[in-house]
1. Residue by residue, what Karplus-based ³J(HN,Hα) values in Hz, rounded to whole numbers, does region A:125-139 have, using 6.51, -1.76 and 1.60 with θ = phi - 60° and x for Gly and Pro?
2. Using only DSSP helix segments of four residues or longer, with each worth -39500 (n - 2.57), what per-residue ellipticity at 222 nm results for chain B after dividing by its residue count and rounding to 500?
3. Divide by every residue of chain A the summed helix terms, -39500 (n - 2.57) for each DSSP H run of at least 4, and state the resulting mean residue ellipticity at 222 nm, rounded to the nearest 500 deg cm²/dmol.
4. How large is the accessible surface of B:Glu287 in square angstrom, using a 1.4 angstrom probe and rounding to the nearest 10?
5. Describe numerically, in nm with one decimal, the distance between label points set 7 Å from Cα along Cα→Cβ at A:Gln77 and at B:Glu283.
6. Amide H of B:Leu463: which non-local residues (sequence gap of 5 or more, or other chain) have their own amide H closer than 5 Å, using H built in the peptide plane?
7. For B:Val504, which sequence-distant residues (separation of 5 or more, or a different chain) have an amide H within less than 5 Å of its own amide H, given hydrogens modelled in the peptide plane?
8. Using DSSP loop states and a limit of at most 16 other Cβ atoms within 10 Å to flag chymotrypsin sites (Phe, Trp or Tyr not before Pro), what is the longest stretch of chain B containing no flagged site?
Amino acid sequence: MTQGYFELFGLDSKFSIDLTTLESNFRKIQSESHPDRFVTANDAEKLKSMQLATLANEAYQTLKKPALRAEYLLKLQGIEAISETNTAMPMDFLMQQMEWREAIDDAKNANDIASLDALLAEMQQEGKVLNTALALFIDDHQDYEAATEATRKLIFIDKVSIDINKVIEQIEN
Amino acid sequence: MALLQISEPGMSAAPHQHKLAVGIDLGTTNSLVATVRSGLSSVLSDEHGHALLPSVVHYLKDGSVDVGFSAQKQQNLDPHNTILSVKRFMGRGLKDIDVSMSPYHFVETTSTEANKSTANQMVQIETRAGIKSPVEISSEILKTLKIRAEKSLGGELVGAVITVPAYFDDAQRQATKDAARLAGINVLRLLNEPTAAAVAYGLDNASEGVYVIYDLGGGTFDISILKLSKGVFEVLATNGDSALGGDDFDQRIFCWILESSKLSPRNAYDTRLLLSKAREAKEWLTEHAEANISCLLSDGEFVNLTLSTDQFITLTANLVQKTLSPTRKALRDAGLTIEEINGIVMVGGATRMPQIRKTVAEYFKQTPLTNLDPDKVVALGAAIQANVLAGNKSDADLLLLDVIPLSLGLETFGGLAEKVIHRNSTLPVARAQEFTTYKDGQTAMSIHVVQGERELVSDCRSLARFELRGIPPMVAGAARIRVTFTVDADGLLSVSARETSSNVEANITVKPSYGLSEDEITSMLKASFNSAEADKKARMLAEARVDAGAIIEAVRAALAADSALISEQEKLAIEAEIQRLSAIKETQDADEIHQAVEALNQATEAFAAARMDASISRAFAGKDLDSINL
């Protein structure tokens, strides 16, 4: 398994990270390692530059997004947040999800972009709540069981957001 | 060389001469070449002072090839042998093209041994000079620009940055790179047009913040959203339509002429004539309220019409609207609202149309920026990037982080496309996905690589098919086939597949086919190089000596600075190679000098790697790169 995304950017392995530091250190690494800096270099160095720049991109994208960051932190603990054998979700969240799906369908049939925008805002709000909870579970209490459930919720919320955006796109076209 | 770049990224420790590098905007309608001289990016003009080179190639009766204005004059007289807007056909098959709108004789590529494995067959055009692929036709335009640049700069180019629409897929990018190769141009990088424009614009205005580049060219539309910060240009999202451009506005006027004059479908001559009249009218309407269209057709019929601005706006309203859908998608992908946009930069000749500017201003609720010439800004930006890549710029403060415009995936069971790399991933990017066999004892697996956003494979662009054979027979679902996609900084894809328990492996660089085999391309290249063989030898020797001198200096400087990073023994080995190269450098044999340079390069490989690690570690004091698994 690839390790060291946090170390690469000089960050502690925590859910709460300073996004500004992440971004500026990402840019610093790319400034050193990007293939554009090695256009006239030999093949061995080109390969090394390509590998490092690729790793930096992957690490940056993973740490930037809360759901992926949480999933990655759990993986460092040996926990697969999303796996075939690990799909249990609390009943109330499942009910909540079904309600969201129905609301999307209704808005879709009514070509109602305003409702979809409102739903998107609701997803963002849900996401914020889960982010706060994840910081608490992972950083303060090392409660990985609770963190796994919150991560799964966050991943679902991201999926719902993507679907809402797709529907908006369909209506707009 | 390599070592120098490690000491100071993008900068050489030893003084050396300015390397001639250019930026080329290979456009649908016009092409340009630009370079950085005395720190300023400028477009190179031909001997008549023309900056724009019409992207028109004429195959003459005497076997010669003409490119540019004189070729353009032949478009109505010799329409079958005068190729316009060839960029629209790059990496495209017959089914992708609206054949009825072009006067050419299209032919489908015949399957040869070399190309039958590839899924894409590029369309070709029959001319009096034979059947030509879009790659060959484009290479004529590139050759003309190369000659112009070498004449005006007085030396051979070390390389060029060539721009492509951000929304070009892998086949279109490969085709562009091959056209450059055929023209004898060393491609330093393929650069996305809106990113190039952002470089030219951003550096001129010292801008910071989030900018939208709205680029409507002759045949393509791109929208890119970039974050500019301290010389780093990070593309957040890109979208577009690689078959929408100024040409389509001409088509609308053309159709309107046919309808208004109740004309029947026309021959090639009339089609061309009316299209060029349509284009003149479009350009005239940028600054006038109405345009007169009059011409005499081949059957003696006379066309005389007046097109008003209002009519033109109505005719093209849905084309203008069509640009907003990709714009919305890009904003959504970037997770931004229009209130968060600091500025909109207009690129491409077609953005001169008042209705475009008005629509964009209304959509973004701010006036778009038009202070750089929309025709030149892409070439100017490409030249700046070329100058940096060639190693001329001493302060390497410019870095472009671009993205892949369309998702890449594989065909899975039931004709579904499984995405492996998602659109708008920052380049370079590599990602692996595991698949398994679905039958007991299955020993081969067919891998179909596709590009696009749709769920069905049939709705995506097919890039390549290849087979992984020799999988040891196992029960269904037991084999582990790991398919790795790698997309480099040019946005070009290579794919490898491996069965992990047995290590059976297959690699492919995805290449579209033009009916030209690799051998044919090589021999065409050779033919163009055979002339001036003697000159070439002398030049090669001189270059080899300069290279050798530069690397010796560089290695010495590196040793002086960082010899602590290696053992005494390694240091002695490197010094021995320096000695040897110094002696060989004075002989007459360029090949031997190259070999000795290569030997020195090899001897310093470990040292170079150590210096690179050290240099990055220095940027993050206390962090050890060796602890990171690549």
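The values are calculated or read from the model by the stated rules, or taken from the named source; none is laboratory data. These numbers come from a predicted model, not from an experiment. We place every Cβ from the backbone using ideal geometry, glycine too, and count neighbours over all the protein chains shown. Accessible surface is based on the protein model in full, side chains and every heavy atom, while ligands, DNA and RNA are left aside. Shrake-Rupley method; radii C 1.70, N 1.55, O 1.52, S 1.80 Å.
1. Values, residue by residue: 5, 4, x, 4, 4, 5, 4, 4, 4, 5, 4, 5, 4, 7, 6 Hz.
2. Helix-only estimate at 222 nm: -11500 deg cm²/dmol.
3. Working: 7 runs with 122 residues, N = 173.
Helix contribution divided over all residues of chain A: -23500 deg cm²/dmol.
4. Around 150 Å² of this residue is reachable by solvent.
5. Inter-label distance under the simple model: 6.7 nm.
6. When sequence neighbours closer than 5 places are left aside, the close amide H contacts are B:Val449, B:Val450, B:Gln451.
7. HN-HN under 5 Å from B:Val504: B:Glu499.
8. So the longest stretch without any such site is B:1-412.
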